[in-house]
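No lab work stands behind these numbers, since they all come straight from the coordinates. None of the values given here were measured: they were computed from a predicted structure. Please note: Cβ atoms are built from the backbone with ideal geometry, for glycine as well, and neighbour counts cover all protein chains shown.
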Amino acid sequence: MNFRHYGIAATLASTLALANPAYAVTELQWWHAMTGGNNDIVNKLAEEFNASQPDYKVVPSFKGNYPDTMNAGIAAFRAGNAPHVIQVFEVGTATMMSATGAIKPVYQLMKDANEPFDPKAYLPAITGYYSTSKGDMLSFPFNSSSMVMWINKDELKKAGVAEIPKTWPEVFDAAKKLKAAGHATCGFSNAWATWANIEQFSAWHNVAIGTKANGLDGFDTALNFNGPLQVKHLQNLIDLQKDKTYDYSGRTNASESRFASGECAIFLTSSGYYATAKGTAKFDFTSAPMPYYPDAAGAPQNSIIGGASLWVMGGKKPEEYKGVAKFFAFLSDTNRQAKLHQESGYLPITKAAYEKTKADGFYEKNPILQTPLKELTNKEPTENSRGLRFGNMVQMRDIWAEEIEAALAGQKTAKEALDAAVARGNAMLRTFEKTAK
Amino acid sequence: MEKSAFFNSKLLPYLLLVPQLVIKFVFFYWPASQALWQSFLREDAFGLSSEFIGLENYQALFAEPQYYKAMLTTVVFSTLVAALSLSIALLFATQADKNLKAAPAYKTFMIWPYAVAPAVAGVLWIFMFQPSLGTLARPLRAMGFDWNPLLNGNHALILVVMAAVWKQISYNFLFFLAGLQSIPKSVIEAGAIDGAGPMRRFWTIVFPLLSPTTFFLLVVNVVYVFFDTFGIIDAVTGGGPAGATTTMVYKVYADGRLGGDLGGSAAQSVVLMVIVIALTAIQFRYVERKVQY
């Protein structure tokens with residue numbers, strides 16, 4: 001009898017001893033898509049958080065590029081082992097937010113966990129993208145950027161362009177001069193074909209991409225970016241492509257190196273290109289706000305963001321959610337945000353971090369990093385420039401890019417291409433609307 | 001004395017078949033039936049809602065002009081890849097079959113590309129032909145040839161065809177070489193004694209005797225271009241520009257994984273499966289008649 005009791009007690013004791021560490025530290029899986037220097041930043045953040053408190057351990061793991069990471073998360077959710085936190089790029093927002101039950105909205109998370117959380121502390125230009133129309137924050141902005149125009153100052157000087165162009169006609173002029181001065185294959189160019197020429201272009205000129213505030217106010221949105229201004233711009237690009245005053249650089253940022261190599265002296269791409277430009281460009285460069293058409297009423301408006309946010313997956317334990325909430329509070333800390341912004345070149349997400357960086361005099365030494373912030377806060381956002389939210393956006397970008405490519409290759413006129421892009425996109429939106437009830 | 005052995009158990013033959021059947025079931029019938037079932041559903045990416053919609057996915061698919069374009073691209077792409085990789089491999093194999101000094105080294109080098117993953121093969125070709133950075137594209141452009149696979153659909157198609165052919169030549173080479181070596185030398189010598197030149201010997205003796213290998217490779221290559229070339233296309237062109245390199249299998253991926261439209265993508269897989277089954281059946285029915293075993 002006694003022996004049996006001892007036996008049970010011993011088993012219990014050893015079970016407890018084994019289970020103890022698991023009780024003490026709750027592991028939180030964080031899937032992300034950050035490479036290079038930004039990967040180091042992710043790991044450092046996790047380490048710092050883990051060292052700052054004893055109860056939770058954030059475990060970051062790299063899951064490939066943005067679409068890969070998102071698909072890995074979706075597949076994991078279907079298989080019942082989703083991570084706690086997943087980094088999803090901005091164009092995946094509609095897909096994530098429509099998945100009620102698969103995700104835990106951030107405002108809900110913070111409320112449940114009683115973590116201090118003031119949505120007003122965050123920059124509205126950034127959080128607007130990830131909030132409902134009522135202002136409830138659904139995901140936590142992590143790395144945000146905007147599109148800027150990168151300028152090779154040395155080459156501009158050589159080509160006799162005295163001032164950095166501000167408007168599109170000035171850019172075209174400068175590109176022609178650059179071409180005459182030896183840049184035969186590229187006067188100017190851009191990465192992210194649709195982000196530059198449809199999404200940012202429309203917001204910056206205060207024209208709509210789709211109805212319902214570009215989809216922010218409902219999934220029953222319809223695209224309408226085939227207006228006269230967008231057509232005019234694409235037509236200009238088509239004309240300039242013929243002699244390579246403008247030269248297409250593909251759908252993603254794979255061709256960003258055309259700037260650093262000196263081939264393209266004017267190049268529009270993400271402000272997040274800063275770290276790479278700093279490391280690879282061997283000339284005097286800077287960033288400038290995106291150009292605009294001076295005859296367009298109200299331009300420039302404000303730019304919209306790109307980048308990614310952190311989504312919290314549904315179906316986890318309350319204890320784990322508490323840890324995630326603590327982690328988000330940790331990330332929002334002003335000093336941490338300011339440091340993150342200054343090191344990575346990504347935008348600060350809180351107003352306090354922006355003010356602190358300004359007060360520190362950081363932008364006087366690094367005006368390049370302020371360009372995207374100036375663009376984002378240029379004017380009070382309108383229905384056309386708050387952001388955009390379309391279902392199936394990942395594939396839709398490919399479809400829009402297909403049409404732009406057809407136009408630039410001379411197979412279609414600008415109007416035909418944009419009409420087709422709108423029609424094909426709308427067909428996808430209707431399919432999405434049926435599944436996202 | 002009776003030499004053959006008898007097994008009276010009725011169960012044994014089935015038991016011996018089980019491993020094969022299990023593999024067939026797990027890797028073919030089960031996923032194929034899943035695809036078929038999914039093609040009748042409309043699901044969101046997360047699998048939270050699912051609705052039976054009958055043939056709606058198929059109707060949407062066949063109403064889409066891009067799908068017919070992808071079919072046409074697939075025909076052009078697969079014909080080019082299969083024809084080029086088979087004929088080039090045959091040429092190389094006949095050369096390697098001669099008494100060369102460095103034959104083993106030559107054969108080894110020929111086989112290497114087969115060990116390269118499709119995506120890596122794609123990246124290698126990008127390094128050479130990316131318009132502004134590629135090591136071979138720059139000289140091309142310097143000579144005044146406007147090489148631009150980013151905008152010119154034909155250039156992009158040429159690029160993926162080259163990469164896919166390069167990758168498949170090794171495999172075909174290996175089989176052709178083995179096939180050539182199994183042809184008895186005496187037959188060829190007899191032809192030579194009768195006064196047939198090398199070309200004539202090849203077309204009247206070697207090529208017909210090689211036909212079982214060629215037929216096998218034709219079937220394998222068609223399956224290869226339909227399914228396995230996806231990694232190359234994804235890495236090199238992403239289906240672009242303007243859909244010029246979007247083959248049917250790439251569209252399955254784009255719609256299912258990038259677009260999250262699992263039903264539509266499953267419908268495409270079913271169509272693709274039917275086409276490949278039909279093609280293989282046709283090959284066995286009509287082409288095999290010409291094969292001399």
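Just a few scattered comments:
- When A:Ser202, A:Ser189 are screened for being touching a residue at least 40 places away in the same chain (Cβ under 8 Å), more than 14 Å from chain B (Cβ to nearest Cβ) and either closer than 28 Å to A:Asn392 by Cβ or among the hydroxyl-bearing types (Ser, Thr, Tyr) (or both), only A:Ser202 passes.
- Scope the stretch A:400-425; condition touching a residue at least 12 places away in the same chain (Cβ under 8 Å), surrounded by fewer than 17 Cβ atoms within 10 Å (Cβ to Cβ) and in a helix (DSSP H, G or I); matching residues: A:Lys415, A:Asp419
- B:Ile183 passes every criterion in (1) surrounded by fewer than 20 Cβ atoms within 10 Å (Cβ to Cβ); (2) aliphatic (A, V, I, L, M); (3) assigned to a helix (DSSP H, G or I) apart from (3).
- For A:Phe142: the one exception among (1) outside any strand (DSSP E or B); (2) in contact with a Leu (Cβ under 7 Å, 6 or more places away or on another chain): (1)
- 3 or more residues in contact (Cβ under 8 Å) with a residue 12 or more places away in the chain and crowded, with 22+ Cβ neighbours inside 10 Å: qualifying strands (runs of 3 or more DSSP E) within the stretch A:245-343: A:266-270, A:306-313
- Within the stretch A:348-398, helices (runs of 4 or more DSSP H) holding 1 or more residues that are away from chain B (no Cβ under 14 Å), within 14 Å of A:Ser146 (Cβ to Cβ) and more than 16 Å from the chain's Cα centre (by Cα): A:351-359, A:367-376
- Sole residue being within 23 Å of A:Phe77 (Cα to Cα) and among the charged types (D, E, K, R), chosen from A:Glu320, A:Glu355, A:Glu364, A:Glu343: A:Glu320
- Checked against the criterion of being under 24 Å from B:Pro113 (Cα atoms) and outside any helix (DSSP H, G or I), the candidates B:Gly231, B:Gly238, B:Gly195, B:Gly144 yield just one match: B:Gly238.
- Note on the stretch A:124-167: residues that are of a type outside the set (Gly, Ala, Ser) and surrounded by 21 or more Cβ atoms within 10 Å (Cβ to Cβ) total 19.
- Here A:Asn152 meets each of (1) over 24 Å from the mean Cα position of the chain (by Cα); (2) farther than 24 Å from A:Thr252 by Cα; (3) not charged (D, E, K, R) with one exception, condition (2).
- Strands (runs of 3 or more DSSP E) completely within the stretch A:21-127 that count 1 or more residues being more than 14 Å from every other protein chain (Cβ to nearest Cβ) and within 16 Å of the chain's Cα centre (by Cα): A:26-32, A:85-89
- Residues in the stretch A:344-364 that are free of Cβ contacts under 8 Å to residues at least 60 places away in the same chain and charged (D, E, K, R): A:Glu355, A:Lys356, A:Lys358, A:Asp360, A:Glu364.
- Subset of the stretch B:210-265 (residues that are more than 14 Å from every other protein chain (Cβ to nearest Cβ) and over 16 Å from the mean Cα position of the chain (by Cα)): B:Leu210, B:Ser211, B:Pro212
- Of all the numbered requirements in (1) without any contact (Cβ under 8 Å) to a residue 12 or more places away in the chain; (2) touching a strand residue (DSSP E or B) at 6+ places or on another chain (Cβ under 7 Å); (3) of a type outside the set (A, V, I, L, M, F, W, C), B:Glu43 misses one, and that requirement is (1).
- Residue check, B:Leu55 away from every other protein chain (no Cβ under 14 Å), more than 24 Å from B:Gln168 (Cβ to Cβ) and exposed (fewer than 10 other Cβ atoms within 10 Å of the Cβ): no
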